[in-house]
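Chemist: What follows is a single structure, and I will ask about it in a moment.
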Amino acid sequence: MKLEHEVLRVHTKHAFTISRGSESEYRVVAVRVTDADGAQGWGEAAPSKFYGETADTIPAALGMFAPVLEHADAWALEDLEAELDHVIRGNAAAKAAVSAALHDLAGKRLGVPVYRLLGLNPARAPLSSFTIAIAGADEVRRKVREAASYPVLKIKLGSDHDEEILRVIREEAPNAIVRVDANAAWTPKHTLNMMDCLVAHRVEFVEQPLPPHDLEGLRFVRERSPLPIIADESCLVAADVARLAGVVDGINIKLAKCGGLREAVKMAAVARANGMLVMMGCMIETSLAITAAAHLAPLLDYADLDGAALLADDPYTGATINGGVIKLPDGPGLGVTRARR
Ligand code: MG
């Protein structure tokens, strides 16, 4: 198989601010594998600087994967994901792009969507949340009004006015299911101090209140928290899920953290075996990467797959999340088409 890539620039409708910073332009890397007979598969790398990847490191990693794919058996998906892991550590977004492209190719050859390849029932996909990034009270109000069709909101906290944000959310969306994500911005003490406010605003769960490596802090908080605690930045791959059993209530899987569809399925399995909740999230990414994740949605308790819905210029058409309802495409493979160049 031949491996090619293209760097794409995409833009969010609004500047996207979380506790670590603010951006409106994002570079993603579209990947294409082509087998000897011309059959193709597509995938996308959505790099995150926080996890050590950029649109410049992705092509370098892909260059290291190309020799592995050159004479590989395209059906040996399990072996291929393992071999990418042997070539270079980390670089999960680059690996996830290749994994998605290989699954796309396999599905296209069989004439079935990837969810069928994985034996999953699309009717089991939960609603996806829509993310409200950090902003001033007036802008938060405007964004919540724009998101009125979404019954589940994920609120980014870790600002200097978190309580005001929660108040505005509840004024504008009294009936929405509300989840919060502090993106590692809080201390254990502050997290527990926030609990009365979070409960009063009927928050469903708290995602990653503490820094990634503070597992003892997470355990301390979880033992005292009335709300479930979900690990995101603390949980990259399946081995992390095993470490987090008994420490948090659930995990947030992202393809760009774990490096592929098969590792994501393993994470869900390890979480289930430990009685943990399973969520899947995304980066800011196009419908190409979102659709790869969405094919796994039937495995989830909670989905947060709005990365493409936040974009003003998504070049692809694939899974949609209108009104939070995840609709998987019926086409073979990922079922993604490119809408424009
Ligand atoms: Mg998160």
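Chemist: Any idea how far apart Asp79 and Lys327 come out in nm if each label point goes 7 Å out from Cα toward Cβ?
Modeler: In this crude spin-label approximation the distance works out to 4.0 nm.
Chemist: Here's another thing I want to ask about it. With +1 on each Lys and Arg Cβ and -1 on each Asp and Glu Cβ, and nothing else charged, work out how big the dipole of the chain is about its Cα centre, in Debye to the nearest 20.
Modeler: On the way: 37 positive and 45 negative charges, 109 e Å.
With Lys and Arg at +1 and Asp and Glu at -1, about 520 debye.
Chemist: Please calculate how many Å² of accessible area the range 2-111 carries per residue, with a 1.4 Å probe and no DNA, RNA or ligand atoms counted.
Modeler: Numbers: 5060 Å² over 110 residues.
Accessible area per residue, the range 2-111: 46 Å².
Chemist: Hey, another quick one. What trypsin sites (Lys or Arg not before Pro) in the range 178-210 are in a loop by DSSP, with at most 16 other Cβ atoms within 10 Å of the Cβ?
Modeler: Qualifying residues, ordered by number: Arg202.
Chemist: Follow-up. May I ask for the distance between the Cα centers of the range 21-40 and the range 117-176, given as a whole number of Å?
Modeler: 28
Chemist: Further question on the same structure: When only C-alpha pairs under 8 Å and at least 6 residues apart count, what is the relative contact order of the range 2-111, in percent? Each step should come with its number before you reach the end.
Modeler: Numbers: 178 pairs, mean separation 33.0, N = 110.
Across the range 2-111, relative contact order equals 30 percent.
Chemist: Near Lys2, within a Cβ-to-Cβ distance under 11 Å, what is the net charge of the other residues, with Lys and Arg +1 and Asp and Glu -1? Please report the intermediate quantities before stating the final value.
Modeler: On the way: positive: Arg32; negative: Glu4, Asp35, Glu70.
Overall, the nearby charge balance is -2.
Chemist: Hey, another quick one. Taking the Cα centre of the range 28-116 as origin, sum charge times position over the Cβ atoms of Lys and Arg (+1) and Asp and Glu (-1), and report the length of that vector in debye to the nearest 20. Kindly include the intermediate steps, with their values, before the conclusion.
Modeler: Values: 7 positive and 13 negative charges, 62 e Å.
It comes to approximately 300 debye.
Chemist: I'd like the carbon and sulfur percentage of the solvent accessible area for the chain, probe radius 1.4 Å, heavy atoms only, ligands and nucleic acids excluded.
Modeler: Numbers: 6940 of 13650 Å².
Carbon and sulfur together cover 51 percent of it.
Chemist: How large is the direction-averaged shadow of the alpha-carbon convex hull of the range 81-128, in nm²? Each step should come with its number before you reach the end.
Modeler: On the way: hull surface 18.2 nm².
Spelled out: convex hull of the Cα atoms, projected over all directions, averaged, 4.5 nm².
Chemist: Give me P(r) over the range 2-111, computed from all C-alpha to C-alpha distances, binned every 10 Å, as integer percentages.
Modeler: 14, 45, 27, 12, 2
Chemist: Taking the solvent-accessible surface of protein heavy atoms with a 1.4 Å probe, what is the per residue accessible area of the range 117-338 in Å²? Spell out each step's value before the answer.
Modeler: Details: 7980 Å² over 222 residues.
I get 36 Å² per residue for this part.
Chemist: Nearest 500 deg cm²/dmol is fine: what mean residue ellipticity at 222 nm does the chain get from its DSSP H runs of n ≥ 4 alone, each adding -39,500 (n - 2.57), divided by its residue count?
Modeler: Details: 12 runs with 124 residues, N = 341.
Mean residue ellipticity at 222 nm (helix-derived): -11000 deg cm²/dmol.
Chemist: Also, quick follow-up: Placing +1 on the Cβ of each Lys and Arg and -1 on the Cβ of each Asp and Glu in the range 117-338, which of Gly158, Pro174, Tyr316 has its Cα farthest towards the positive end of the resulting dipole?
Modeler: Positive-end residue among those listed: Tyr316.
Chemist: Treating only the Cβ of Lys, Arg, Asp and Glu as charged (+1, +1, -1, -1), what charge dipole size does the range 4-69 show about its Cα centre? Round to the nearest 20 debye. If you can, show how the numbers build up before the last one.
Modeler: Working: 6 positive and 9 negative charges, 75 e Å.
The dipole magnitude comes to about 360 debye.
Chemist: For the charge dipole of the chain, defined by +1 on Lys and Arg C-beta atoms and -1 on Asp and Glu C-beta atoms about the Cα centroid, which residue among Val203, Asn252, Val270 has the Cα displaced farthest towards the positive pole?
Modeler: Toward the positive end, the furthest listed residue is Val203.
Chemist: Based on the Cβ-Cβ distance from Ala39 to Cys197, what FRET efficiency comes out when R0 is 51 Å, to the nearest 0.05? Mind dumping the intermediate values first?
Modeler: Numbers: r = 54 Å, r/R0 = 1.06.
Given R0 = 51 Å and the Cβ-Cβ separation, E is 0.40.
Chemist: I want the antiparallel fraction of DSSP beta bridges within the chain, as a percent rounded to 5. Walk me through the intermediate numbers first.
Modeler: On the way: 23 of 47 bridges.
Antiparallel: roughly 50 percent of the beta bridges in the chain.
Chemist: First select every other residue whose beta carbon is under 12 angstrom from the beta carbon of Ala74; then total the charges, Lys and Arg +1, Asp and Glu -1.
Modeler: On the way: positive: Lys2, Lys108, Arg109; negative: Asp35, Asp37, Glu70, Asp73, Asp79, Asp104.
Residues close to Ala74 contribute a combined charge of -3.
Chemist: From the P(r) of the chain, can you give the percent of Cα pairs sitting at distances over 27 Å? Provide the component values of the computation, followed by the final result.
Modeler: Values: 24130 of 57970 pairs.
In whole percent, the long-distance tail amounts to 42.
Chemist: For the range 226-288, which GluC sites (Glu not before Pro) are both in a DSSP coil and crowded by at most 13 other Cβ atoms within 10 Å? Kindly include the intermediate steps, with their values, before the conclusion.
Modeler: Numbers: sites: Glu233, Glu263, Glu285; in loops: Glu233, Glu285.
Answer in residue order: no site qualifies.
Chemist: If one takes the longest principal axis of the Cα atoms in the chain, at what angle in degrees, from 0 to 90 and to the nearest 10, does the Cα axis of helix 215-224 lie?
Modeler: 50
The values are calculated or read from the model by the stated rules, or taken from the named source; none is laboratory data. Being a predicted model, the structure only gives us computed values, none of them experimental. Methodologically, a virtual Cβ is constructed for each residue, glycine included, from the backbone with ideal geometry; neighbour enumeration extends over all protein chains shown. Just so you know, the surface numbers come from the protein's heavy atoms only, side chains and all, with ligands and any DNA or RNA stripped out. Shrake-Rupley method; radii C 1.70, N 1.55, O 1.52, S 1.80 Å.
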